[in-house]
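Asks: I am attaching a structure below and will ask some questions about it afterwards.
The values are calculated or read from the model by the stated rules, or taken from the named source; none is laboratory data. These figures come from a predicted structure and were not determined experimentally. With ideal geometry, Cβ positions are generated from the backbone for all residues, glycine too; neighbour counts draw on all protein chains shown. When the accessible area is computed, the model is the full protein with side chains, heavy atoms only, and any ligands, DNA or RNA have been set aside. Shrake-Rupley method; radii C 1.70, N 1.55, O 1.52, S 1.80 Å.
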Amino acid sequence: MNVMRMKKIVFAALFCNFIAYAFAQTPTLEQIMAEPDWLGRQPIAPYLSMDGKTVYFERKKEGSFNRELWRLALPDGQMEKLSTKAMRQRDVREFALDRSGRMAVYARDGDIFVRDLSTGVERQLTATEDDEYAPQFVDDSNTVGFWRGDSYFWLTTEGTLIEKLTLKHELPESSADNAYDPLAKQQLEFFATVRREEADRKAKKDEQKVLKSLSHPDAAYHVYLGKHMQVVARSVSPNGQHVILVLEDDRDERGRPGHLARFVTRSGYVEIETLRQKVGRVAPRPHYLVWLDVAARKKYEIDYRTLSGIHDDPLADLRKKARRWHKKNGADQQWIEENLSAPEQRPVEITDIAWSKNNVAALQIRARDNKDRWIATLDMKNVRLVQQHRLTDPAWINWAFNDFGWMPDGRTLWYLSEESGYSHLYLRDTIRRRTRQLTQGHWEVSEPKVDEKGAYIYFRANRPDPTKYDIFRVNTKSGEIEQLTHWGGDSHFLLPRDSRGLVLLHSTVLQHPELYWLDLASGASPKRLTHTVSDAFQSIDWVAAQIVKVPSSHVKRPIYARLYKPKTLAPGKRYPAVVFVHGAGYLQNSHQGWSDYFREMMFHTFLVNHGYIVLDMDYRGSEGYGRDWRTAIYRQMGHPEVEDLEDGVRYLAEHWQVDPKRVGVYGGSYGGFLTFMSLFRKPDLFAAGAALRPVADWKHYNHEYTSNILNTPQLDPWAYRASSPIEFAEGLAKPLLICSPMLDDNVFFQDSVRLVQRLIELKKTRLFNIAIYPMERHGFKHASSWLDEYTRIFELMERHVKTPQEAKAN
């Protein structure tokens, strides 16, 4: 190869690299909305090996929606992707240890294994086509218990079956045979032939029963639950002698399900998919509690009467008001009684079960009306629940911050509670019946983990800045709190059993989560273990969000927000702006870590590059700011939040040179709902809006989420009217874009269709457009859909938020 040709090739390569680098500095929508592999495939869902010396984690498989498993030896190992063969010997996320901590038992690929952690020797105990699960050591390291279907097995670690318990839903035939029946009794009295045949049949059956018991000695203990009782949860004590069952009656009405139609299918035919019920159509089934004393072969049904407030009706006043309202609106008395009568005892659900090392069961119980949460222990001697804690909220008990468990001493419970207004740690001595608060302040504790000796509880918290999450630990005796990381950003952690260090998952606003090792003994700074952010992503001059405090005109607290703006503002210029509204309602997005809305973060850089300022607010109802911030939206969704958005627009105008008449809004899911509420209820607030996968009518959303905040449509029709955008659709006066996935099994496509029909009938045709996505669910997956959606959003803002001169200039 001659020198001139070599120079041309080198020059061409350098030129291509220069072009690629220049392109990367100003990303296009195509790049931002492409498959996210180009950002770098970050560690996802890390967990520790059974000996605590290796961290396993998932990564997105390149060019696929699937994930692959990787591992890294602590603290100095290299990342290694597990081969198909290595997957067979992988450590699993869930396992149980014996009392010595030397032996581990676990289920992998549906079979049961034990491992000696000192030698690493693994032994397989079962090899069946059925799935076995939830294994544990029973009393010592020589006996293992596990479930297979509705049967629980006790097995030696050598593979010898000791005993089996089977849950059955039908009564044994002998019970049916012995049931009193006057007609059958008469047959036996009248006819000797019938008596002889019956005697022969019984004798044969008794003989077969004896033979079966000799051939299958494992079939020792059958528990009959009842024909219609379904097992929701099951938990076995450490000694294997007690089983807690949570049941529900499948005869309880389930209601009419929702449906969606798939139009783009492999078969070429329209296919119908059955979905969940809508809120309030049928109340969730109550949970029944059963305790099995295996040693005594006895079954006990445990009632809830000892829980304080279990017979109260916190919705009594609302119930009376609803009776009058429905009667006035034409409901007959039968409907009123069926839908609005107070239960004799409040229905509950069992949300968690924990066993102490002394075989005492603690249960977390939640009222189905969402107003109470109890923690109780099971008094086996007196067959009753003993209440240890009650948390009451006139709005709703948070679905987060409900962690609890036993301390190593076997008598003390630890738990999280929002009773002070923020999530904090408490200790409860169940013998002396005394409670001690371990942490306190205007900040929130999450992800608590107790060390093996019970000396410390490690946790994640946003102390003292609600937008920064670091790792702390509290001394359980002195109550002294120690801050272990001082990064800011956002951090999560894994705690090895020996507590020698922490595996950290840390991120910043411009770096997705990476793994780090923090050596607790040395006091050294955390050591970075993974480097998965791509060069392509790092080469771009992203706009790093600035956390700002927006003054509130309604509460004596600021509204935290992410602000995206140019590095310098042109003197005297009035900028257009876009307000992004995060989804989920109860979610924090204005923190200093990597956002789940990473595409939106990149899109906001794109908007800034095209002349906009962007504000992303943690409106009231968002996570991270305590109970009162969360419950401010009770029975009035879309009202406090829109007030906060108004304050956001005012803040942009007063502090960042934004023209308040040229502000657009967009958001997805709950953010789409708030886009609707803003445009419909405050038509002069925004110049245009895009509602993505939006809720238009809360009566069509699910029960689990909606009933917390709005009760049910039968009980609280006023809350649903006040909170549903479709009720305010006549207020639309500015351009609206609706983007709705047709396969959405969270917010049904029907929601958008009903709103469109409402807007048509209101003659709002020129004010709205709808884009549908035939192959997407609630969370988009395909890059082509992302690109289409955000191209439409950008064009909406360019057309209706900017002046014609500004739009032309870009």
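Asks: Exactly one of these conditions fails for N66: (1) free of Cβ contacts under 8 Å to residues at least 12 places away in the same chain; (2) closer than 30 Å to G145 by Cβ. Give me its number.
Replies: (2)
Asks: Further, regarding this structure: Pairs, please: C-beta under 9 Å, at least 6 apart or cross-chain, first residue within 17 Å of E35 (Cβ to Cβ) and in the stretch 530-555, second open to solvent by 20 Å² or more (accessible area, probe 1.4 Å) and assigned to a helix (DSSP H, G or I)?
Replies: Qualifying pairs under 9 Å: S534/D37; S534/W38; A536/A20; A536/Q31; A536/W38; F537/W38; I540/Q25; I540/Q31.
Asks: Keeping to the stretch 793-808, report how many residues are surrounded by fewer than 18 Cβ atoms within 10 Å (Cβ to Cβ), within 18 Å of H604 (Cα to Cα) and among the basic types (K, R).
Replies: Total meeting the criteria: 1.
Asks: Turning to a different aspect of this structure: How many of the residues in the stretch 449-489 are of a type in the set (S, T, N, Q), in a strand (DSSP E or B) and within 19 Å of S595 (Cα to Cα)?
Replies: Adding up the residues that qualify gives 0.
Asks: Could you tell me which numbered condition A632 fails, if it satisfies all but one of (1) in contact with a Gly (Cβ under 6 Å, 6 or more places away or on another chain); (2) open to solvent by 10 Å² or more (accessible area, probe 1.4 Å)?
Replies: (1)
Asks: Every residue in the stretch 318-328 that is open to solvent by 70 Å² or more (accessible area, probe 1.4 Å) and within 18 Å of D393 (Cβ to Cβ), please.
Replies: Within the stretch 318-328, none qualify.
Asks: If you don't mind, another one. Can you list the strands (runs of 3 or more DSSP E) lying wholly within the stretch 256-317 that have 1 or more residues being surrounded by 15 or more Cβ atoms within 10 Å (Cβ to Cβ), free of Cβ contacts under 8 Å to residues at least 60 places away in the same chain and not charged (D, E, K, R)?
Replies: Qualifying strands (runs of 3 or more DSSP E): 288-293.
Asks: Under the condition of being under 20 Å from the mean Cα position of the chain (by Cα) and open to solvent by less than 10 Å² (accessible area, probe 1.4 Å), which residue from the stretch 595-624 is nearest to I32 (Cα to Cα)?
Replies: Going through the qualifying residues, I end up with S595.
Asks: If you take the residues of the stretch 118-153 that are of a type in the set (A, V, I, L, M, F, W, C) and within 23 Å of Q230 (Cα to Cα), which of them is modelled with the lowest pLDDT?
Replies: If we filter the stretch 118-153 for residues that are of a type in the set (A, V, I, L, M, F, W, C), which is where we start, we get 121, 125, 127, 134, 137-138, 144, 146-147, 153.
Checking which are within 23 Å of Q230 (Cα to Cα) leaves us with 134, 146-147, 153.
On the way: A134: 97, F146: 96, W147: 96, F153: 93.
Among residues in the stretch 118-153 that are of a type in the set (A, V, I, L, M, F, W, C) and within 23 Å of Q230 (Cα to Cα), the one modelled with the lowest pLDDT is F153.
Asks: Which one of these is at pLDDT 95 or above, more than 30 Å from E419 (Cβ to Cβ) and open to solvent by 10 Å² or more (accessible area, probe 1.4 Å): H591, H655, H639?
Replies: Within the list H591, H655, H639, the selection yields H655.
Asks: Filter the stretch 389-420 down to residues that are surrounded by 19 or more Cβ atoms within 10 Å (Cβ to Cβ), under 27 Å from E452 (Cα atoms) and either of a type in the set (A, V, I, L, M, F, W, C) or modelled with pLDDT under 95 (or both), then give me how many there are.
Replies: Number satisfying all stated conditions: 7.
Asks: Among the residues of the stretch 503-520, is there at least one that is closer than 30 Å to R411 by Cβ and open to solvent by 30 Å² or more (accessible area, probe 1.4 Å)?
Replies: Yes, there is a match, as at least one residue in the stretch 503-520 is closer than 30 Å to R411 by Cβ and open to solvent by 30 Å² or more (accessible area, probe 1.4 Å).
Asks: Starting from residues that are part of a loop (DSSP other than H, G, I, E, B) and either in contact (Cβ under 8 Å) with a residue 40 or more places away in the chain or not small (G, A, S) (or both), keep the ones in the stretch 508-529 and report whichever is nearest to L587 (Cα to Cα). Even if it seems obvious, please write down each step before you answer.
Replies: So in the stretch 508-529, the residues part of a loop (DSSP other than H, G, I, E, B) come out as 509-510, 520-526, 529.
Narrowing further to those that are either in contact (Cβ under 8 Å) with a residue 40 or more places away in the chain or not small (G, A, S) (or both): 509-510, 520, 526, 529.
Values: V509: 16, L510: 19, L520: 31, P526: 28, L529: 29 Å.
This residue is V509.
Asks: Condition test on P43, is it touching a strand residue (DSSP E or B) at 6+ places or on another chain (Cβ under 6 Å), of a type outside the set (S, T, Y) and modelled with pLDDT under 95?
Replies: No; evaluated as a whole, the condition is false for this residue.
Asks: So how many residues does the stretch 337-348 have that are more than 13 Å from K371 (Cβ to Cβ) and outside any loop (DSSP other than H, G, I, E, B)?
Replies: So the answer is 4.
Asks: With the requirement that a residue be more than 20 Å from D352 (Cα to Cα), in contact with a strand residue (DSSP E or B) (Cβ under 9 Å, 6 or more places away or on another chain) and outside any strand (DSSP E or B), what does the stretch 410-436 give you?
Replies: Result: S420, Y422, I431, R433.
Asks: Within the set of pairs 6 or more residues apart or between chains, which connect a residue that is more than 14 Å from T160 (Cα to Cα) and open to solvent by 30 Å² or more (accessible area, probe 1.4 Å) inside the stretch 121-148 to a residue that is assigned to a strand (DSSP E or B) and β-branched (V, I, T) with Cβ atoms less than 8 Å apart?
Replies: Here the result reads E122/V114; A134/V236; Q136/V105; Q136/V144; Q136/V236, each pair linking the stretch 121-148 to a residue that is assigned to a strand (DSSP E or B) and β-branched (V, I, T).
Asks: Continuing with this model, one more query. Anything in the stretch 713-733 that is touching a helix residue (DSSP H, G or I) at 6+ places or on another chain (Cβ under 6 Å) and open to solvent by 30 Å² or more (accessible area, probe 1.4 Å)? List them, or say none.
Replies: Scanning the stretch 713-733 gives R721, E727, F728.
Asks: For the stretch 688-699, state whether one or more residues are open to solvent by less than 10 Å² (accessible area, probe 1.4 Å) and closer than 26 Å to D628 by Cβ.
Replies: So far as the stretch 688-699 goes, yes, one or more of its residues are open to solvent by less than 10 Å² (accessible area, probe 1.4 Å) and closer than 26 Å to D628 by Cβ.
Asks: Looking at the stretch 693-707, is at least one residue touching a Gly at 6+ places or on another chain (Cβ under 6 Å) and modelled with pLDDT of 95 or more?
Replies: Scanning the stretch 693-707, I find at least one residue that is touching a Gly at 6+ places or on another chain (Cβ under 6 Å) and modelled with pLDDT of 95 or more, so the answer is yes.
Asks: Tell me which of these Q78 doesn't satisfy, since it passes every other one: (1) modelled with pLDDT of 95 or more; (2) assigned to a loop (DSSP other than H, G, I, E, B).
Replies: Every condition holds for Q78 apart from (1).
Asks: Can you tell me how many residues in the stretch 626-669 are under 28 Å from W542 (Cα atoms), in contact (Cβ under 8 Å) with a residue 60 or more places away in the chain and outside any helix (DSSP H, G or I)?
Replies: The number of residues fulfilling the criteria is 12.
Asks: Quick check on my filter: what residues within the stretch 436-453 are surrounded by fewer than 16 Cβ atoms within 10 Å (Cβ to Cβ) and not charged (D, E, K, R)?
Replies: Q437, Q440, G441, H442
Asks: Taking the residues in the stretch 70-110 that are more than 30 Å from T143 (Cα to Cα) and polar (S, T, N, Q) as candidates, determine which candidate is surrounded by the most Cβ atoms within 10 Å (Cβ to Cβ). Walk me through it before giving the result.
Replies: Applying the first criterion (more than 30 Å from T143 (Cα to Cα)) to the stretch 70-110 yields 70-84.
Restricting the remaining residues to those that are polar (S, T, N, Q) gives 78, 83-84.
Details: Q78: 8, S83: 10, T84: 6.
Filtering first and then ranking leaves S83.
Asks: On to the next question. For I350, are the conditions met, namely being touching a residue at least 12 places away in the same chain (Cβ under 8 Å), under 30 Å from Q714 (Cβ atoms) and not aromatic (F, W, Y)?
Replies: Criteria met by I350.
Asks: When the residues of the stretch 420-448 are filtered to those that are of a type outside the set (K, R) and over 27 Å from the mean Cα position of the chain (by Cα), which remaining residue is farthest from P466 (Cα to Cα)? Walk me through it before giving the result.
Replies: Applying the first criterion (of a type outside the set (K, R)) to the stretch 420-448 yields 420-427, 429-431, 435, 437-448.
In the following step, the residues that additionally are over 27 Å from the mean Cα position of the chain (by Cα) were identified as 429-431, 435.
Details: D429: 31, T430: 33, I431: 36, T435: 27 Å.
Among residues in the stretch 420-448 that are of a type outside the set (K, R) and over 27 Å from the mean Cα position of the chain (by Cα), the one farthest from P466 (Cα to Cα) is I431.
Asks: Give just the number: which of (1) over 27 Å from W291 (Cβ atoms); (2) among the aromatic types (F, W, Y); (3) modelled with pLDDT of 80 or more does F190 not satisfy?
Replies: The failed condition is (3).
To keep it simple, each residue is scored yes or no on (1) touching a residue at least 24 places away in the same chain (Cβ under 8 Å); (2) within 30 Å of K60 (Cβ to Cβ); (3) outside any helix (DSSP H, G or I).
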| position | (1), (2), (3) |
| --- | --- |
| D745 | yes, yes, yes |
| L755 | yes, no, no |
| L759 | yes, no, no |
| Y790 | yes, yes, no |
| M797 | yes, no, no |
| K808 | no, no, no |
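Asks: Considering each of R201, R196, R234 in turn, give the residue that is in a strand (DSSP E or B) and either of a type in the set (F, W, Y) or at pLDDT 70 or above (or both).
Replies: So the residue among R201, R196, R234 that is in a strand (DSSP E or B) and either of a type in the set (F, W, Y) or at pLDDT 70 or above (or both) is R234.
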